[in-house]
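Trainee: Please find one structure pasted underneath; my questions will follow.
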Amino acid sequence: MTMATEAAGAGAGSAQDLTLAQKASLTSGGDAWHTQAIPAAGIAAVMVSDGPHGLRKQTATGEDALALSVSTPATCFPPAAGLASCWNTRLVEQVGRAIGREAAAEGVSVVLGPGVNIKRSPLGGRNFEYLSEDPLLAARLGAAFVRGLQSVGVGASVKHFAVNNQETDRMRVSADVDERTLREIYLPAFEYIVRTEQPATVMAAYNKINGVYCSEHHWLLTEVLRGEWGFEGLVVSDWGAVVDRVAALAAGLDLEMPPRTGGDVEVGTAVARGELPESTLDAAVARVLALAARQPADTAVDLDAQHELAHAAALESAVLLKNDDAILPLAADAPGTLAVIGEFARSPRYQGGGSSHVLATRVDDALSSIRAMVSDPGRVAFAPGFTLDGRPDPSLVAEATELAGRAGTVLVFLGLPEHAESEGLDRTDLDLPADQLALLDALTEVSSRLVVVLSNGSAVTVAPWQDGAAAILEGWLLGQAGGTALAQLLFGVANPSGKLAESLPVRLRDTPSYLHFPGGDGHVRYGEGIYVGYRYYDTLDLPVAYPFGHGLSYTSFAYDGLRCHLTGANSFQVTFTVTNTGPRAGAEIAQLYLRPIEPGIDRPVHELKAFAKVTLASGARETVTLTLDERDFAYWSPGRRRWTVDEGAVEIQIGASSRDIRLRTQVHLAGTFDRDELTANSTLGEWFGSVHGERLRAAITAAGFAGALGLNGADLPPMPAATPLSRLVSFLPGLTQQDVEQFIRAARDTGFRPDEPR
């Protein structure tokens, strides 16, 4: 590839140099993939293009934004569903940089990605584009992608802001969710990326949040995104997301994409009538001009090197779920027939459908790669077993069963067809297609050495059939080099190191959002609150097929030497050692979870707060250092409307998955109570639980009310503990509001003497 001649030129001028009509025009696109150019003012168009796992630069002419199959060939890296399982921020940054190089070579200034929405339900039709059910993992990997992409001068567009977790009625549905859930689950990935990487753009989602469209949500776009987080870039709409252009500008949206007939006139008229402050329009124009000044680096692209990186990413993205009796890795020189069954082995499913669909520069298939791997390719026999359209074909099952019956080992390539996972629709179940399950049932009757290789962009249920499989390799969607990567993992040329970025439930009805997803009548209620993914399963100790963070290796790892060092207010440095105790080199993903011992508010049993991927030779050991700051221990307090840390003990857990905790220790937190937070409406229990409790007790005792409140013992009785301080006047004869006010002054004033006159 070489630098395209259509590269966007530098922006020029300012809002003050433009007419009202020109300014209005800059806040919508020039066409489906360019911002508006004003040549007379020296303002060039900026080209944007779909991502996020590869460049989808549309080549069709005209205004058709939906010509999804007509695009420039580009490297297809593993989609987020696969890439997230690598838990390797350095690798994800490399992938972002590589996509940025291809974008720059094509004159693209902004790539529409990454997608960091939370996988609320495994049925989400676009889950293959999203990273995780966990906000911290999504945040760290998303930030790494943005860092890599923007390192070559190409801007990111972090999407879809916010609470965009389903395709059903996606352009109208209202996600009805409380603020604590927003702050703890659905906003943190966006917040972290904005604060650490300052992406060029953030994309406002189609949906509503609590009845207000995201593109018109002033609290979301202005108060939170810009005011609290300090976002300096441009807010762009998802394509066709704007309902009211004037309301969107007033809320903080800068750019509507694609252009809509009459929109510019609406904006100009609103300004002329005083309905929209011109200063608001000027602010949006200034951000558009800043984007127009962005120049991607002039670069050439080595497609062979890009493919090799896609291959390296695929190797780290697959997850070995099960490996009974160490059936894997296979021996390349083993005698006998090796059966390869499943159409996906020769016709790979390596990406999802919709706007992220990449026209790959090349595609490796597993069957060819397996034949190239073994010493005698003639011993590899293939049977398709099923068709990609899902129509049952008994003759294909019979052929596959006959082959499996005479083979030593059977590799079965199963998964979800492309039409089952695409932008625009949600899944209705977690099952593999019925024809594939029928094939699998038949194969288990004739072979005990079944190795199942999966290709899917979101969780499927393995519980009904996994007992018949000796091994399961979750291949997710691995991009254009996935076929070679799967073969190398199966034969041990590479050691599996991926771990699950989402839980695999036993049944659909076990999932946290089962009773609420996808909603109806224009609303979807987030009734599960903060209990998403493993936060739900682990808190309730529900069985899962495979837990969050799980992944096997061809070697083994031991953990020891956990130590914690206080580094500041509610901040710690955590160190421990990981040792490769197995026979070969491998990589381990060590995970740190926090478990509050006696939380003062409902909280999950534990939450991921840090992780590290370490690669070790056999017998080698490495000390891992992770840091925790005050925010890691905090929850969003609905009453205080801020992040809060309660005083008390927290258990630090180090594990190989959310359900494989190897090391534990406790630390004590100082808490973040502000004395001004406590008022006359705070309960006696809240006062006594704070640093002001002893002074308040002394004041109440001095006033002669200790006995009536049961303060003779160390513990406060339940009824007064739950009573606001101001309400005590209703229950204690002789107590006045003046007394209550004096109690509060006494508790807050370190100079107060309990024996001073009332």
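The values are calculated or read from the model by the stated rules, or taken from the named source; none is laboratory data. The structure presented is a predicted model; accordingly, all values stated were derived computationally and were not measured. We place every Cβ from the backbone using ideal geometry, glycine too, and count neighbours over all the protein chains shown. These area figures cover heavy atoms from the full protein model, side chains too; ligands, DNA and RNA do not enter into them. Shrake-Rupley method; radii C 1.70, N 1.55, O 1.52, S 1.80 Å.
Trainee: Given the -39500 (n - 2.57) contribution per DSSP H run of 4+ residues, what per-residue ellipticity at 222 nm results for the chain, rounded to the nearest 500 deg cm²/dmol? Walk me through the numbers on the way to the answer.
Mentor: Values: 19 runs with 182 residues, N = 758.
Dividing the helical sum by the residues of the chain leaves -7000 deg cm²/dmol.
Trainee: Sorted by average packing, counted as other Cβ atoms within 10 angstrom per residue and highest first, what order do 352-361, 699-708 take? Mind showing how you got there, number by number?
Mentor: Details: 352-361: 21.5, 699-708: 16.8.
Ranked from most to least packed, the peptides come out as 352-361, 699-708.
Trainee: Contour minus end-to-end for GLN742 and THR269, with contour as 0.36 nm per residue of separation and end-to-end as the Cα-Cα distance?
Mentor: Values: separation 473, 0.36 × 473 = 170.28 nm, distance 5.84 nm.
Contour length minus Cα-Cα distance gives 164.4 nm.
Trainee: Report the accessible area of CYS564, computed with a 1.4 Å probe over the heavy atoms of all protein chains in place, in Å² rounded to the nearest 10.
Mentor: 40
Trainee: Taking +1 at the Cβ of each Lys and Arg and -1 at the Cβ of each Asp and Glu, which of ASN580, VAL524, VAL605 sits farthest along the dipole of the chain towards its positive end, judged by Cα position relative to the Cα centre?
Mentor: In the chain, that residue is ASN580.
Trainee: Specify whether the C-alpha gyration tensor of segment 197-245 places it in the rounded, prolate or oblate class, a ≥ b ≥ c being the square roots of the eigenvalues: rounded for a/c under 1.5, otherwise prolate if a/b is larger than b/c and oblate if not.
Mentor: On the way: a/c = 2.44, a/b = 1.40, b/c = 1.74.
It comes out oblate by the Cα gyration axes.
Trainee: Taking 7 Å along the Cα-to-C-beta vector as the label spot, tell me the GLU228-ARG391 distance in nanometres, rounded to one decimal.
Mentor: Here the answer is 5.4 nm between the modelled labels.
Trainee: Output the peptides 111-122, 435-446 sorted from most to least packed, where packing is the average of other Cβ atoms within 10 Å over each peptide's residues.
Mentor: Numbers: 111-122: 28.2, 435-446: 18.6.
Descending mean neighbour count gives 111-122, 435-446.
Trainee: Once neighbouring chains are kept in place and the probe is 1.4 Å, which whole percent of the accessible area of segment 122-258 is contributed by carbon and sulfur? Don't jump to the answer; show the numbers that get you there.
Mentor: Values: 1580 of 3100 Å².
After summing per-atom areas, the C and S share lands at 51 percent.
Trainee: Shape call for the chain from the C-alpha gyration tensor, a ≥ b ≥ c root eigenvalues: rounded (a/c under 1.5), prolate (a/b greater than b/c) or oblate? Kindly include the intermediate steps, with their values, before the conclusion.
Mentor: On the way: a/c = 2.12, a/b = 1.27, b/c = 1.67.
Oblate is the answer for the chain, as a/c is 1.5 or above yet b/c matches or exceeds a/b.
Trainee: A further question on this structure: Lysine pairs in the chain with alpha-carbon atoms under 22 Å apart, 8 or more places apart or on different chains: how many are there?
Mentor: Close lysine pairs under the 22 Å cut-off: 10.
Trainee: Using a 1.4 Å probe and ignoring any ligands, DNA or RNA, find the accessible area of LYS613 and quote it in Å² to the nearest 10.
Mentor: Roughly 30 Å² of LYS613 is accessible to a 1.4 Å probe.
Trainee: In Å², and per residue, what accessible area does the chain have when probed at 1.4 Å with the other protein chains present? Before the final figure, lay out each step's value.
Mentor: On the way: 27620 Å² over 758 residues.
So the chain comes to 36 Å² accessible per residue, rounded to a whole number.
Trainee: Here is a follow-up. Indicate the gyration tensor shape class of segment 121-264 (rounded, prolate or oblate), computed on the Cα atoms with a ≥ b ≥ c the square roots of the eigenvalues: a/c under 1.5 is rounded; otherwise a/b larger than b/c is prolate and the rest oblate. Can you show the working numbers first?
Mentor: Working: a/c = 1.44, a/b = 1.14, b/c = 1.26.
Taking the square roots of the gyration eigenvalues as a ≥ b ≥ c, segment 121-264 is rounded.
Trainee: Please give the length that would be gained between ASP17 and ILE597 if that part of the chain were fully extended, namely 0.36 nm times their separation in residues minus their C-alpha to C-alpha distance (nm, one decimal). It would help to have the intermediate numbers written out before the result.
Mentor: Details: separation 580, 0.36 × 580 = 208.80 nm, distance 6.07 nm.
Extra length from ASP17 to ILE597 when fully extended: 202.7 nm.
Trainee: Out of all DSSP beta bridges with both ends in the chain, state the antiparallel percent to the nearest 5. Mind showing how you got there, number by number?
Mentor: On the way: 61 of 102 bridges.
Taking every DSSP beta bridge with both residues in the chain, the antiparallel ones total about 60 percent.
Trainee: What does the accessible area of THR168 come to, in Å² to the nearest 10, when a probe of 1.4 Å is used?
Mentor: 60
Trainee: Note the angle between two axes, namely the Cα long axis of helix 89-105 and the longest principal axis of the Cα atoms of the chain, as a number of degrees from 0 to 90, rounded to the nearest 10.
Mentor: Value to nearest ten degrees: 70.
Trainee: By the scheme Lys and Arg +1, Asp and Glu -1, what is the net charge of all other residues having a beta-carbon under 10 Å from that of ALA501?
Mentor: Numbers: positive: LYS119, LYS499; negative: GLU133, ASP134, GLU502.
Net charge around ALA501: -1.
Trainee: Computing the accessible area with a 1.4 Å probe over protein heavy atoms, can you report the carbon and sulfur percentage for segment 574-728?
Mentor: Details: 3320 of 6820 Å².
Percent of accessible area from carbon and sulfur atoms in segment 574-728: 49.
Trainee: How tilted is helix 434-444 with respect to the longest principal axis of the chain? Cα atoms for both, answer in degrees (0 to 90, nearest 10).
Mentor: 70
Trainee: With just the Cα atoms defining each centre, how far is segment 552-619 from segment 91-146? Give it in Å.
Mentor: For segment 552-619 versus segment 91-146, the Cα centre distance is 25 Å.
Trainee: Output the 0 to 90 degree angle, nearest 10, between the alpha-carbon long axis of helix 188-197 and the longest principal axis computed from the alpha carbons of the chain.
Mentor: Approximately 80 degrees, to the nearest 10.
Trainee: Could the peptides 392-403, 191-202, 16-27, 137-148 be put in order, highest first, of the mean number of other beta-carbon atoms found within 10 Å of their residues?
Mentor: Values: 392-403: 15.8, 191-202: 21.5, 16-27: 18.8, 137-148: 26.0.
Put in order of decreasing packing, that is 137-148, 191-202, 16-27, 392-403.
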